[in-house]
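A short worksheet on the structure shown next.
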Amino acid sequence: MNQAELHRYLASKSLKKKGAPQYKTLFDQRLSTNISLIKTQFFSLYQESKHETTFFKLLDKLELLFKERPTALKKQDIDRLTKGNWYQSEKMVGMQLYVDRFNTDINGLKEKLSYFEDFGINFLHLMPITTRPSGESDGGYAVNSYHEIDSKYGTKEDFLTFTKEARKKDMFLMLDFVVNHTSDEFEWANKAKAGNTKYQDYYYTYSNRHIPDEFEKSLPEIFPQSAPGNFTYNEEMEKWVMTCFNTYQWDLNYKNPEVFIEMMGNLMSLANLGVDVIRFDALAFLWKKLGTISQNLPEAHTLISLFRMCLQVIAPGVILLAEAIVAPRNIIKYFGENMFEGNECEVAYNASLMALLWNSIATKNASLMLKSLTEIPSKPNDTTWINYIRCHDDIGLGYDDDFVRSMGWDPHAHKQFILSYYTGKLEWSPAKGLMFMYNPKNGDGRITGSAASLLGLETALEQKNKNIIDYAIAKIIMMHGIILSYGGIPMIYAGDEIGTLNDYTYEQNEDHVNDNRWVNRPMQNWNVVATLSKAKDSPSAIIHQSLKKMIGIRKEHTVFEDLNDVKIYGCPNPHIFVYQRSNGNKNIWILSNFNEITETLDIGWLLSLGIHAGENSIDLLTGESFELIHNELPLKPFQQLWLMNN
Ligand code: GLC
C-alpha cells in the first residue's frame, strides 16, 4: 500500500467529522503518516550523526510551508483526496505551450481559454514563465527565480487571476520545477560568485580541475556541440562549477541538505501559484557520484521520493511528473520501486512509446514497439503516463539495444538509419527534420523538427503532391490517435493540432541559433486557426477536426480511463500495432497500420481477441461497421480503427 492510499483513507475519515477542517490537526495527521519514511530517506542521504539538527529544521520548515499554503488550495487538496485519481481519468487531455509564442502573455493566454475548451483541452503545460537571464536561457530552464513571473509574461496577479479562471473551468495546470540547476544569475549563484563559501557549497564548485577531470571520465555530455564538457570556469569565483547542461545552468549540490530544504520552499512557492502538476525537470540528474554517469542513481530516487513525501504532507492534491527521458527500464523506476513503490512520481513521460512511434514510422513496422512495450514491467497503481508524440525538446532514440538486436538489426547501424531517415539523408524519406547534437565520437545524435514536418507534410506540400499530402495527414492523425487512446494523459504540443510545420526563423535569432530545438517552437498561427471553419479541406482543418473528434470520443468512453489495462497483442502482421483498452466488460481495440500500403488481418485472429468481426463491430472513429474482404480486415495506409463490439 502506498502513502497516497493512506492519505485518502484518513481524509475520508476526517470528512465525516462535522465543522470546518482543523488545518493544524490535518497537518499533524499527515506528518505522522509520512514521518518515518521521511526520516529514513533523509538519513539515508545525509549522515544522521551530523545532520540531526537539520532534520528538525526540515520538520519546522514543513509546518511553516503548510501555514503559507493558501486556504483555497488547502481546501482543494482535501477535495482531491476524496475524489480519487483525477489524473487517470479519460477526461484528461493536455496541451503544452510557450505562453509568449501561443498568444503574447498570460492575459493573452486567458483570452484563449475558449479555444482549449472548444477543442477539448482541460490540462495545460505552460513552459517556464519565471524570471531568467536575458539572452540565452534555455527557454527559461535557466531560472533566476522559482516564483517571480518574468515581466514579459505579465505579473503575479495576472497569473493568479489566470489560474483562478482556469480552475473555474475545471482546467488543470502544470508548470516546471527546474530542480537540477539554477541559472548563473540566481541569488545563490550571485552570492557564490561574490565569494560566499556557504553558497559555493550549494553547487559543485572546485578550485582546480582534479575532481572535475575525475568526473569527466564517466559523465556523458548533454549538449556536446553547444556546451561540451560538464564544468565551467567562473572567473569571479575563480572556481570550476558543474554545468551538465548549458554553461549558464549550475547544477545544484543535493549532497548538502540545506539545498534540499531550501528547494522544498521553492517547490512550494511554485505549487502555491495554483499549480496541479509539477514537472520535475531533468530529475534523473539529481545526484552526482564519481565514477558513474550520474543519472538515475538510487540516491536520486530517494531524493525525489523525499520531495514527494514532504509535498504530500503540505499539499497532497499536487502531483509530480517525472521528466526522465531515459531508457525504458529506467523510466518506470520513477514511479517508485520497493519501499518507494507508488511513493515517487504519480506521472511520467512515456518517452519509450514516443521514441518507438517514430521508429515505427521510419521502419513502417511496429515490431520493435511491440517487443519493447510488452517487456516493460507494468507501472504501479495510482500512477499514469503522459503520452506524447512531440514536445519542445529533441527526440532521443532511446531504444533498448537487446530488443533492437532481437529484430535482427545492429543497434548502431539502426540508429544511423533512423537519424538519416529524419534528417534528409535518404532521398526517399518524406521526413524533414534536423540533426541535434550529433556526437562524432560515438555516432550519437537526436532529432528535431515539428511533428507535421517529420511526418512528411512539409515535403508533400512543397511537392504539391496530393497523395503524399494525404499520407502525411493520415500519419499525423494516426500518431495522435495512439496517444489519445493509450493509457495515460495525452499531451498535444501546441501547433500540432493544426499541422504546424518547422519554423526556421530561429536561425536569425542569436539566442536560438545554436539550439535547433527552436525549429519546433513556432508561434501559434492564429491566421490558420481563423480559416479552420472555412477551408474545411485544408490539411490544418482536417487534422484539427479529426483530433477534436477523437478527443470527444475519448471523453465519452470510460475505457480510456487509465486502469493499467492496456493489453498489447503480438499481431501476426508486423506493420499493424494492436492494443486493447478495457473497463469492466467494456472493450475497445485500437488498430494502426504503419505501412504505406494496405495491410490486412485475418478474421480468425480478430475473433481470438474477442473482436466480433464484420457488422457486429463498429469503428468509433467513423461510426460505421467495417467491411471484411475475403475474410480479412483491410487497413489502408496509416489507417487507424477504434473498434468496439456492438
Ligand atoms: C529538460 C527540458 C529541456 C531543458 C533541460 C535542462 O530536459 O525539457 O528543455 O533543456 O531540461 O533544463
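Read-outs throughout are calculated quantities, based only on the coordinates presented, and are distinct from any laboratory measurement. Nothing here was measured: the structure is a model prediction, and the numbers come from that model. Note that each Cβ is placed from the backbone with ideal geometry, even for glycine, and that neighbours are counted across all protein chains shown.
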Using 1/(1 + (r/R0)^6) with R0 = 51 angstrom and r between the beta carbons of residue 299 and residue 602, what's the FRET efficiency to the nearest 0.05?
0.50
For region 565-645, what percent of Cα pairs sit more than 21 Å apart?
18
Could you check what % of the DSSP bridge pairs in the chain are antiparallel, to the nearest 5?
60
May I ask for the Kirkwood hydrodynamic radius of region 1-88, worked out over all distinct Cα pairs and given in angstroms to one decimal?
14.6
So what is the orientation-averaged projected area of region 562-606, using the convex hull of its C-alpha atoms, in nm²?
3.7
Based on alpha-carbon atoms only, what is the radius of gyration of region 531-580 relative to the globular estimate 2.2 N^0.38 Å?
1.62
The Cα extents of the chain along the principal axes, largest first and rounded to whole Å, are 77, 64, 48
Compute the angle between helix 539-556 and the longest alpha-carbon principal axis of the chain, please, reported from 0 to 90 degrees and rounded to the nearest 10.
70
Looking only at GluC sites (Glu not before Pro) in DSSP loops with at most 12 other Cβ atoms within 10 Å, what is the longest site-free stretch of the chain?
1-234
If unit charges are put on Cβ atoms (+1 for Lys and Arg, -1 for Asp and Glu) and the dipole of the chain is taken about its Cα centre, the option from 553, 71, 315 lying farthest towards the positive end turns out to be 71
On average over all directions, what projected area in square nanometres does region 495-612 have, based on the convex hull of its Cα atoms?
11.4
For region 495-558, place one equal point scatterer on every Cα, skip the solvent, and apply the Debye formula. What is log10 of I(q)/I(0) at q = 0.21 Å⁻¹?
-0.84
What FRET efficiency comes out for residue 525 versus residue 165 if R0 is 25 angstrom and r is the Cβ-Cβ distance? Round to the nearest 0.05.
0.55
Taking the C-alpha atoms of region 310-456, how large are the radius of gyration and the largest Cα-Cα span, Dmax, in Å?
16.9, 57
Rounded to 10°, Cα long-axis angle of helix 351-363 versus longest principal axis of the chain
30
Estimate the FRET efficiency between residue 538 and residue 410 by the formula 1/(1 + (r/R0)^6), using the beta-carbon distance for r and 41 Å for R0, to the nearest 0.05.
0.45
Final fewest-first order of 261, 590 on the 10 Å Cβ neighbour count is 261, 590
Order of 168, 75, 18 from fewest to most other C-beta atoms within 10 Å?
18, 168, 75
Select from 381, 514, 495 the residue farthest towards the positive end of the dipole of the chain; place +1 on Cβ of Lys and Arg, -1 on Cβ of Asp and Glu, and compute about the Cα centre.
381
Along the Cα→Cβ direction, 7 angstrom out, place labels at residue 216 and residue 35. What is the inter-label distance in nm?
4.9
Just for the Cα atoms in region 434-558, what are the lengths along the principal axes, largest first, rounded to whole Å?
49, 34, 29
How big is the shadow of the Cα convex hull of region 403-471, averaged over all directions, in nm²?
5.4
Counting C-alpha atoms alone, how compact is region 183-268: give Rg to one decimal and Dmax as a whole number, in angstrom.
12.8, 37
Around residue 634: net Lys/Arg minus Asp/Glu count, Cβ-Cβ under 9 Å:
-2
Note the angle between two axes, namely the Cα long axis of helix 71-82 and the longest principal axis of the Cα atoms of the chain, as a number of degrees from 0 to 90, rounded to the nearest 10.
50
Cross-link partners of residue 636 among lysines (Cα-Cα below 24 Å; sequence separation of 8 or more within a chain)
364, 371, 432, 464, 466, 475, 536, 548, 549, 567
If the chain between residue 439 and residue 118 were fully extended at 0.36 nm per residue, the gain over the current Cα-Cα distance would be 111.2 nm
Could I have the simple spin-label model distance between residue 374 and residue 47, label points 7 Å from Cα toward Cβ, reported in nm to one decimal?
5.1
